[in-house]
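Shown next, in structure tokens, is the structure this report addresses.
The values are calculated or read from the model by the stated rules, or taken from the named source; none is laboratory data. These figures come from a predicted structure and were not determined experimentally. Here Cβ is always computed from backbone atoms with ideal geometry, including for glycine, and neighbour counts include all displayed protein chains.
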Amino acid sequence: MTIQLNTDKNLTIHQEYEDKIKGTINDGLGRFEDLITRIEVHLSDENGSKEGLDDKRCLLEAKIVGKEPVAVTNLGNNYDLALSGAISKLKSKLETIAGKLKAH
């Protein structure tokens, strides 16, 4: 499972944080490794340099073997919260997809 990180102009990711993000994704979605070929992570700040609640956005797009890609979005007060919420949403969708594939 390849993990690709993308950010907007308001965020620069250092190697340590990139490793943390990839580790968090692998921990949360590792059991779907045979189902997912690639995950794209898009992190952005909805209102730039201004302060705001739930203004950090995480979009996760999973490329699934033999299926259309699945995308989820989550907002949070910081990037870690936005990421963990998006992982939860994506995990739920992947469980549904995996269940349907097993039924066939």
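Contact map, region 21-33: residues that are free of Cβ contacts under 8 Å to residues at least 40 places away in the same chain paired with residues that are outside any helix (DSSP H, G or I) and surrounded by 12 or more Cβ atoms within 10 Å (Cβ to Cβ), Cβ distance under 7 Å, separation 6+ or inter-chain. Pairs shown: 22/3; 33/1. Here residue 91 meets the list (1) without any contact (Cβ under 8 Å) to a residue 24 or more places away in the chain; (2) over 19 Å from residue 17 (Cα atoms); (3) not polar (S, T, N, Q) almost entirely, failing just condition (1). Here residue 8 meets each of (1) more than 19 Å from residue 94 (Cβ to Cβ); (2) surrounded by 14 or more Cβ atoms within 10 Å (Cβ to Cβ) with one exception, condition (2). Condition check for residue 66 on (1) touching an Asp or Glu at 6+ places or on another chain (Cβ under 8 Å); (2) on the phi > 0 side of the Ramachandran plot: one failure, at (1).
Which members of region 85-104 meet the condition of being loosely packed, with under 15 Cβ neighbours inside 10 Å and small (Gly, Ala, Ser)? Passing the criteria: 88, 92, 99, 103.
With the structure loaded, tell me whether residue 68 is touching a strand residue (DSSP E or B) at 6+ places or on another chain (Cβ under 7 Å), acidic (Asp, Glu) and either farther than 16 Å from residue 25 by Cα or modelled with pLDDT of 95 or more (or both) or whether it fails that test.
On the way: touching a strand residue (DSSP E or B) at 6+ places or on another chain (Cβ under 7 Å): no; acidic (Asp, Glu): yes; either farther than 16 Å from residue 25 by Cα or modelled with pLDDT of 95 or more (or both): yes.
Here the answer is no, as residue 68 does not meet what is asked.
Of the conditions (1) within 18 Å of residue 88 (Cα to Cα); (2) without any contact (Cβ under 8 Å) to a residue 40 or more places away in the chain; (3) in a strand (DSSP E or B), residue 37 satisfies every one except a single condition; which number is it? It is condition (1) that residue 37 fails.
Of everything in region 48-104, what is part of a loop (DSSP other than H, G, I, E, B) and not acidic (Asp, Glu)? Give them in sequence order. Lay out the reasoning, then the answer.
Of region 48-104, the ones part of a loop (DSSP other than H, G, I, E, B) are 48-55, 65-69, 77-78, 104.
Matches in region 48-104: 48, 49, 50, 52, 53, 65, 66, 67, 69, 77, 78, 104.
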